[in-house]
Each structure stands twice: as structure tokens, then as C-alpha cells.
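Everything on this sheet refers to the single structure shown next.
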């Protein structure tokens, strides 16, 4: 019988070639599955409207049908149908997660008594002590309308907050704020998945309402705080604060100047317990156990000491997860470490794209919202890039001779790791944080090796010896290493041109860039050339992105108008968070006061009457008759005026922040960008009708 694939012009030939190409992916399909699942999650979060029940049911049926097609065509191109099914399942998982965390969100400004149990103590960006409460009670609010969790910044003193303590105070509360500009970071979505239904502040002293409760979670929180306090006592100054951050995740005592130095040197990732720290602790325990057993030849030659070392490292990783506070980033790192250790137990390669894909699938199935955060994106981008880089080096082992062995191999591995991880995460970090540390590679080459070989192992040993009273020596040595890292950060951060500010691209750039990077990691040979296309498209789109000429904050307290020298702000002080975010997104390193002194907005912008309250409101409304005036005020305007746009408290409550570009002449709102999603104010207002 004639082979149809060999007949020129045969319509079956392309299908046969496709089936052959799909079958060639056997053994390398899992990364594609992870990308498909992530794509489904990403498409869910990009939807303008929350799926209805009938749409969810339809997607479920479609996923089941595609899975059936995938099974029937498993010897052909059925895997493609399977990928479509996985994408649908990823979106359905994100939908289910959104419903699972649903809870009441405060829909009005509240001032009154607040009582609840402390579940977390940290610090706000202003340095104030901040507590998160559950089991909340609010005056004059029905129990079914009270948020599950409330976060309050304390400015009134009172008792020292402790996890498990039931406290009371008087506070101002409101719903979580929306994006500071259309398309910006969506704090409302972030708070939704944290089950934060209200945030605010209090200036009344904090009082104890009931003694601290006991329980495993509360006892663990108290132990973490005691360990952090003990580290600060034994390692005075910034060293103790850094040690507390590295072990317990408590960064509340870190001075802002030290944190800024680390940011400027691209070393701030050392403070956030993530894959690096979990990997260092797990790696130290693994190699210590394996090396110790290797000294006993009878055991080393007869038993699987590699698997034994992995088995010991697993509970250590779990203990570190609990000690560090089990944040989302640490949970993600633990999952990645666990997958790799289980691979060792199963006799498989520990570090591979398969392991990375399994970890990504577990994280995205458990917490689909992680996909939108910089931690997930940077962590998996760095890990996948390192796997590909070291696989390429391994393939060239013979050609490179002794360069991959001994001390030269260690130095080369260090350089390649820092370079590859830095290149993989640099564009993602620049998009999220609007800055590029020009000498970050140098700082990481100087600091990370000491973190891995001295600081983290000695902190771990110090904690083990603590109950015996023998922790002083290891902690002192760890403190010397921390001091060295801080000096490196200060030196690199002070170098001329150490930091470049980068303007934020259009919102579509990051998803396209991430998709292109994911496809590049999964593809082989010519497929990688195709995967480069979305990466190039994202870079071109980034270079062509423009910033709005006019921005209005969601509360009407701040206006920013573009000038020839940068954005001019309507006030020198106040609304500092919004002002800083706008300037960072502009790629502008100026301070708020400097930006407020700028003059002469661009031609074509409307005349703005930016008011701070009712003062001057009547005069501004009178001027409306001339036309072309925008009145912006944080208070409600009772009277109507013709000839001008009025952005008052009532309108901004509906629209959120505002953006306007002269080129398009279109007003864009945060509410339009967010769509009708459960975490938005628009969604809650529809449900209330």
C-alpha cells in the first residue's frame, strides 16, 4: 500500500507529518502540559467578565470531550487535543479557586471599634506595625457582611501585638484599593486571594480583648517571633535583622537604607525566602548527609546513600517551610525542592525540565493566582533557564575538556548560574519593578557564593545547636558573612549608574514575553526559532509602549500631567504611594517634591482644577462655563455644571483611577480594565442591586 505521507500534494501528508512531530515529543511532553495549564490560568485572569455557571459547565464538557479525543488519537496528533483540554482545566481550576476564597468585602468607609484575633504581625511600607485579624467583629455590621480578614496599620501604640492574641482598637477601614492607574497592579485581586476584605489604620492604642489562644498555628507563630528576637539579641544591629529575615521570614526590623542598598545591587532577593534559600538549606543537608555516609565505605558501597540523603532533606525542607512562615513564595520553593528530592528517591534525574514542569503544575493547581506574581514568574524562569544552560554545558563536556571539573568548573558554574539566572529574570523584574541594576551580576558573583557556603549553613547549624547553648560560634561567623554581603551591596549600589529606571510597557507585553520564554524552553531545534518570535514581538511592543499623558488617582487626591521633562504632580506631599508608583511606571527616578515643581504640561491636555476638598470648588464650577476644564476633587460634588468634566468621589468610586492620552483623546478607567470580576467594586455593586 502506498505511503500517503510520501505522495506529493497528498492532503493527508501534512496530517501525517504533524502526527510524527507530535509523537516525537514522547518523553518531553510534561513541560508542554505545564505551559498549557498556565496558559489556561492566564486566559482566565485576562477575561473581562467572570464566567457564568453555564459557561463553566460548557468548558467542563469541552475539556472532557477533548480528553476523549486525545485518548482516541494517542497514537497520532491527539496530544494537541489534550493540550487544549489541559488549558481549559487550568482556567476551570482558577475559576474554582476564585470561588473557594470568596468572602465579604467592605463596601463602605467604616470608622469604629474593631476586634479580632491576630494571625500575622508585620510592617507596612511606612514602617508602622501592621496586624492581620481574623474572627473579626465590627460595630453595626451584620455578621454575614464582616470580612474574613482585616489588616490594620497601628499608629496609636498600646500593647505589643502577638499572634493568637484577641485585641480591640478603633480604626478606619475600607475596601482594598484598586489599581493606581488603568492596567496597573491590581491590589484588589491580590487581596481577594488573601481573603482580605478590608484594610485601614488606627490611631487609638491597641487593647487586649482576650488572652492569646493556643494551637499549633499560634504556637508556631510565637516560636518564630521568639527565634527572630533571639537572633537579634545574639547578632546585634542589621546582622540580626537580616538573620531573622533569612530564617523566620521576619523583615520587620530591617532598616530602609540597608534594603535600598540591596535593591540597588540586585541583592534584595536574598531577603525574601524563596527557591534560593530552600535550595541552599536542602542542598547543605543533602550533601552533609551523603558526604558523611560516604566516609563509611561499607555503607556507601552497599546502600543507596543518595536516596537516604534525600529522605533526610525532605523533613528539613518542611521544617524550614514552617519556620519561615509558609508564605506563598516559600510554599512554591518547597514544592520545587520536594519534587526534585522525590525524583532522587525514585532514581530519576533531580534537576530537569520535567521536575520544573511538575512543580509548576502543582503550584498552579494549588494556587493559580501565583501565575500573576513576579515571584512565580522569576523563580520558574530562572530555574528553567539554568536547566537548559547546564544541559547545554553537559552536552559540550568533551569539547570543553577540564573546564567543567575541579575549581575551574566551580567558578564556571557560579558565573554561568548568575549570568543565566540574571538574564532570564531581568526583563520580568524590569517590568514589575521598573528598574535595572546595572551591576547586579557583579554583586551576585561576590555575594551569593558566601550566602550558600557560609551564611545559610551556619545559621542552620546555629539553630540546631541553640538548645545546647552552643549557637554563639556559628551565629557569629554567619554574622560576619552577612556583614560582608551588606558591604558588597552598599559598594555596588553606590557605583555611578548602578540603577537605571525603566518605563512600564503596555499590559500585553509581559504575557506575550512569558509565553515566548515558555515555548522556547519546551521546544527543540527549529521550534525554538519559532518561539523567539513572540519574545521579539514583546520587546518591540515594549519599545513602542507609551505612557498616559494624564493620570488621576482613584480617590481624586492626586493628578499627574506629562511635561517635556517628566510627569508633573499636583501636590508635593500626600498620596505618596500613588505618586511613587506613577513615577516608577514612567521610568522616572525623581522624588515627589521634584515632580510637583515641574511646569508646562504637554499641549493638548485639558486644564485641570485639582482640588483637595471643597475649598475652591465653587470657583472651579463657575469656570466650567468656559469649557475644557476638568475638576478633580476627593469630595462629592452636589451641584451639576456644564462645560467641564467632573471627577469627584462619586464618579471615581465607579471608575477607579483615570488615564488619558492626547493621541487617542480617550478616557480610560481602571474599572474598564479590571472588568466585572468578583474582586472588583463594579461586581459588588451589581450584586447589591
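Computed from the coordinates by the stated procedures, all read-outs in this text should not be read as laboratory data. Given the structure is predicted, the values throughout are model-derived calculations rather than measurements. Methodologically, a virtual Cβ is constructed for each residue, glycine included, from the backbone with ideal geometry; neighbour enumeration extends over all protein chains shown.
Could you tell me which of rounded, prolate or oblate describes the range 110-213, using a ≥ b ≥ c as the square roots of the eigenvalues of the alpha-carbon gyration tensor, with rounded for a/c under 1.5 and, failing that, prolate when a/b is larger than b/c and oblate otherwise?
Cα axes put the range 110-213 in the prolate bin.
Please state the relative contact order of the range 506-562 as a whole percent: Cα pairs under 8 Å, 6+ residues apart?
Here the relative contact order equals 31 percent.
How large is the Kirkwood hydrodynamic radius of the chain, in angstrom, based on all distinct alpha carbon pairs?
Here the Kirkwood hydrodynamic radius works out to 28.2 Å.
So what's the gap between the Cα centers of the range 489-537 and the range 295-336, to the nearest angstrom?
Rounded to whole Å, the Cα centres lie 33 Å apart.
Translational D (Stokes-Einstein, µm²/s) of the range 550-688 at 4 °C and 1.567 mPa s when Rh comes from the Kirkwood sum over C-alpha pairs?
82 µm²/s
Please report, in Å, the Rg and the Dmax of the range 28-125, where both are computed over Cα atoms only.
19.8, 66
Which of the three applies to the range 173-287, rounded, prolate or oblate, going by the alpha-carbon gyration tensor with a ≥ b ≥ c and a/c under 1.5 meaning rounded?
oblate
Which translational diffusion coefficient, to the nearest whole µm²/s, is obtained for the range 226-302 from the Stokes-Einstein equation, given a Kirkwood hydrodynamic radius over C-alpha pairs, 37 °C and 0.692 mPa s?
227 µm²/s
Relative contact order, percent, of the chain when contacts are C-alpha pairs under 8 Å separated by at least 6 residues?
12 percent
Which order, highest average first, do 258-265, 330-337, 302-309 follow once you tally other Cβ atoms within 10 Å for each residue and take the mean per peptide?
330-337, 258-265, 302-309
Restricting to bridges with both residues inside the range 569-666, how much of the DSSP beta-bridge set is antiparallel, in percent to the nearest 5?
Counting only bridges with both partners in the range 569-666, antiparallel ones make up about 10 percent.
At a 10 angstrom cut-off on C-beta neighbours, averaged per residue, how do the peptides 667-677, 200-210, 136-146 rank from highest to lowest?
667-677, 200-210, 136-146
I'd like the distance between the alpha-carbon centres of the range 645-677 and the range 585-615, rounded to an integer number of Å.
If we compute the Cα centre of each part, the gap is 18 Å.
Take the alpha-carbon positions of the range 472-515, form their convex hull, and give its projected area averaged over all directions (one quarter of the hull surface) in nm².
Seen from a random direction, the Cα hull of the range 472-515 projects 5.8 nm² on average.
If you rank 415, 284, 108, 390 by fewest surrounding Cβ atoms within 10 Å, what's the result?
With the sparsest Cβ surroundings first, the list reads 108, 415, 390, 284.
Have a look at the DSSP beta bridges in the chain and tell me what percent are antiparallel, nearest 5.
Taking every DSSP beta bridge within the chain, about 75 percent pair in antiparallel fashion.
Would you compute, from DSSP H runs of 4+ residues alone, the mean residue ellipticity of the chain at 222 nm, taking -39500 (n - 2.57) per run and dividing by the full residue count, rounded to the nearest 500?
-17000 deg cm²/dmol
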